Amino acid sequence: MTIQDYRADALRCTRCAYCKWVPLDLMKSWRFSKGCPSIEYGKFHSYSAGGRLITSLSLMDGRSTVTDKVRDSVFMCNMCGSCDVACKMCRYDMEPLLAMHELRAKLVEDGDLPEAYQPMLESLRTDYNTMGEPHERRGDWAKDLGVKDLTKTTAKYVFHAGCRYSFDGEQSEVARTAVAILKKAGLDFGIMGAAESCCGGKAFSIGVDQQLHKSADHNLAAWKKAGVDTVITACADCYYAFKRLYTQHAGSTIKVVHMVELLDQMVADGSLKMTNPVPMKVTYHDPCHLGRQGEDYVPWDGVEKKIFGQAVVYDPPRPRYNGAFGVYDAPRNVLKAIPGVELVEMERIKEGAWCCGAGGGAREGYPKFSEWTAGERIEEAESTGADALVTACPWCERNFIDAVRGAKGKLEVLDILQLVDMAL
Ligand code: SF4
Ligand code: SF4
C-alpha cells in the first residue's frame, strides 16, 4: 500500500475530532476522557489522526513540504490505534491508523526519518535487535534452563522471547517464568537463542517496512526448519507482528499464542493451579498490540468504488478492525484466578485504553513525550487505589517502571507472569 491508497480516507475526514477522545460510549469522566496522547501533548491539530490526514493530502498535492515541525507531527505518535477505534465509531470504514503508517513510510522513503531512530535501525541491521546489544548474547537469559535449542533440533512450539526480555536484565526473569510455565504445561517447545531475530514490528511502526520483511523472512525460515507450527510469546509487540503483520506482509500461516491466552486455557482446564495467596489490589493495563490491535488479520482483495460519482465504497466491504475482538478476557480471567488478588479497573480499558507511551517508536524518538504518556496512565492507575499496575508486555512494563521511578512514585509495576509466579 502507499499513501495514495488512503487518499479517499483523507478526503472523507470530516474534522469531527472524534479521534482525539475515548469513544463516547466508553467515556466515564472528563479527567480520563482523552484518547490520543499525541494531541494531548502536541496541542495542535496536526498531532492528531485527523490532522495527519490533512498533512497527507497536502503533501500528496504538493501544497506543502516536510519541515522539522511536519516531521515531528508525523512521528510524535504512539501508533496506539485509539484514534482508529474512535473514528470507526462514527465513520465506519475509514482507516486513519493505516493512513498514518503510509505517511510515515513516505517520509522514510524520502529520507525524512528523524535522526533519533538511527541507533535502533543500526542495531537491527548489525545485531537483529532494537536494544543496541550484541546478538550473540540473545539467548543468555535461558542459559541454565535446559530448554531445547531449536537451531539443533525440532519442536512443535517455539517460545520467542523478543528483544526486551532477551536483553533487559531487570525483565528477563519474566521470560524465565514463561519457560517454567511452558514446562509445567508439558509442551514440546524450544527457543532459537542467539538465532532469534527481532520481530521487526518496531521498525515497521516507524515506517521502515523493509526491516519487517527481513525479520519475517529470517524468523519464518528458522521456525520452518525447526518444524514449529505455533509461536508463543509474552510480548504484545511480537504478538501483533507475528499475528497481523507476518500474516499480511509475509503470508505466514503460523499459529500465534500470547502467554496470557495459554495461562487462561490452563486455568480453565485445571492444569494451572495457583494456590499461594497474593493479597494485592491490582489494575490491568491493556497493551495496544494485544488489545485493540490484537485482532486476527482478515485478507481483503477488493476495490474502491464511487457511487453516484460521490460516495466512496469498498467492494467487497473492507474488514473492520475496531478493537472489539482484542485479547481482553484472558488476562482478566487469569488475574481473577489468583487467590487474594482484587482486580479494580481503570476508566480507560480494552479498546478505549490509554497507551503506555512506548509504542510507535516514541520511546526511542520522543522520550519526553513517551514518559509523559506513561505518567498519565500511572495517574489513572493510582486513581483506582491499586497497589500494582499489571500488564502483559515488556515495553509497557519498562515504560511504566521508568515513569514511576522518575516521579518517585509508589505504585508497583508488574508483568502478569510475575503475579502468576508468586501464586504458584
Ligand atoms: S475521527 Fe476520523 S473523520 Fe473524525 S477527524 Fe478523526 S480521522 Fe477525521
Ligand atoms: S495512534 Fe494514538 S497517539 Fe497516534 S494519533 Fe492515534 S490516538 Fe493519537
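Only the coordinates and a few stated rules stand behind these numbers; no lab work does. If you're wondering where the values come from, they're calculated on a predicted model, not measured in any experiment. Note: ideal-geometry Cβ built from the backbone for every residue, glycine included; neighbour counts use all protein chains shown.
Near VAL327, within a Cβ-to-Cβ distance under 14 Å, what is the net charge of the other residues, with Lys and Arg +1 and Asp and Glu -1?
Around VAL327, the charge tally is -3.
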For LEU343, the residues 5 or more places away or on another chain with a placed amide H closer than 5 Å to its own amide H are VAL282
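Using Cβ counts within 10 Å as a stand-in for footprinting exposure, how do LEU419, LEU262 rank, fewest first?
Numbers: LEU419 19, LEU262 22.
Taking fewest neighbouring Cβ atoms as first place, the list is LEU419, LEU262.
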J(HN,Hα) series, segment 182-195, from Karplus relation 6.51 cos²θ - 1.76 cosθ + 1.60, nearest Hz, glycine and proline x | 5, 5, 4, 6, x, 7, 7, 9, x, 10, 8, x, 5, 7
Across 10 Å bins from the origin, how do the percents of Cα pairs in the chain run, short distances first?
-> 5, 22, 33, 26, 12, 2, 0
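Please arrange TRP300, TRP223, TRP30, TRP395 by how many other C-beta atoms lie within 10 Å of their C-beta, fewest to most. Display every interim value, and only then the final one.
Values: TRP300 11, TRP223 22, TRP30 7, TRP395 28.
Ordered by Cβ neighbours within 10 Å, fewest first: TRP30, TRP300, TRP223, TRP395.
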Can you give the Kirkwood hydrodynamic radius of segment 213-356 from its Cα pairs, in Å with one decimal?
-> 17.6 Å
Size descriptor, Kirkwood hydrodynamic radius, that averages inverse alpha-carbon separations across segment 171-243, Å | 13.3 Å
Choice from SER29, SER252, SER73 with maximal GNM fluctuation in the chain (Cα, 10 Å cutoff) | SER29
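Please compute the length gained on full extension between ASP296 and VAL344, using 0.36 nm multiplied by the number of residues separating them and subtracting their Cα-Cα distance.
Numbers: separation 48, 0.36 × 48 = 17.28 nm, distance 2.79 nm.
So the extension gain works out to 14.5 nm.
How far, in nm, would the chain grow between SER58 and LYS184 when pulled straight, counting 0.36 nm per residue and subtracting the alpha carbon separation? Walk me through the numbers before you get to the answer.
Values: separation 126, 0.36 × 126 = 45.36 nm, distance 5.62 nm.
Fully extending the segment from SER58 to LYS184 adds 39.7 nm.
Return the subset of LYS88/LYS306; LYS224/LYS273; LYS255/LYS305; LYS88/LYS243; LYS106/LYS350; LYS28/LYS255 for which the Cα-Cα distance in this structure is over 29 Å, preserving the input order. Working shown, then result.
Values: LYS88/LYS306 20 Å; LYS224/LYS273 33 Å; LYS255/LYS305 34 Å; LYS88/LYS243 22 Å; LYS106/LYS350 31 Å; LYS28/LYS255 37 Å.
Flagged as over cut-off: LYS224/LYS273; LYS255/LYS305; LYS106/LYS350; LYS28/LYS255.
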What is the gain in length, in nm to one decimal, between LYS43 and ARG320 on full extension, counting 0.36 nm per residue of separation less the C-alpha to C-alpha distance?
-> 96.8 nm
Which cross-chain or sequence-distant (5 or more) residues have an amide H under 5 Å from the amide H of VAL413, H modelled 1.01 Å from N in plane?
-> LEU389
Ratio of segment 1-99's C-alpha Rg to 2.2 N^0.38 Å, to two decimals?
-> 1.05
With the dipole of the chain worked out from charges on the C-beta (+1 for Lys and Arg, -1 for Asp and Glu) around the Cα centre, which of ALA142, VAL231, SER172 lies farthest toward the positive end?
-> VAL231
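Can you give the FRET efficiency to the nearest 0.05 for MET27 and ASP329, using r as the Cβ-Cβ distance and R₀ = 25 Å? Don't skip to the answer; put the middle values down first.
On the way: r = 22 Å, r/R0 = 0.88.
So the FRET efficiency works out to roughly 0.70.
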Taking H placed 1.01 Å from N in the peptide plane, check which residues at least 5 places from LYS148 or on another chain put their amide H under 5 Å from its amide H.
-> ILE191
Along Cα→Cβ, 7 Å out, is where each label goes; now give me the distance between the ones at VAL313 and THR151 in nm to one decimal.
-> 5.5 nm
Using θ = phi - 60° and the Karplus relation 6.51 cos²θ - 1.76 cosθ + 1.60, list the HN-Hα couplings for segment 259-276 in order, rounded to whole Hz, with x at every Gly or Pro.
-> 3, 5, 5, 5, 4, 4, 5, 5, 5, 5, 8, x, 7, 10, 10, 9, 10, 7
What does the charge dipole of segment 1-149 about its Cα centre add up to, to the nearest 20 debye, if the Cβ of each Lys and Arg holds +1 and the Cβ of each Asp and Glu holds -1?
-> 820 debye
Just rank ARG348, ARG91, ARG405, fewest to most, by other beta-carbon atoms within 10 angstrom.
-> ARG405, ARG91, ARG348
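Starting from the exponent 0.38 and prefactor 2.2 Å, build the expected Rg for segment 117-268 from its residue count and divide its actual Cα Rg by it. Let's see the in-between values first.
On the way: Rg = 14.4 Å, N = 152, 2.2 N^0.38 = 14.8 Å.
Rg over 2.2 N^0.38 Å, computed on Cα atoms: 0.97.
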Under a point spin-label approximation (7 Å from Cα along Cα-to-Cβ), what is the ARG71-LYS143 distance to one decimal in nm?
-> 4.1 nm
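What does the charge add up to near ALA195, with Lys and Arg as +1, Asp and Glu as -1, over the other residues with Cβ less than 11 Å from its Cβ? Show your work: numbers first, answer last.
Working: positive: ARG138, LYS152, LYS225; negative: GLU136, ASP149, GLU196.
Summing Lys and Arg as +1 and Asp and Glu as -1 gives 0.
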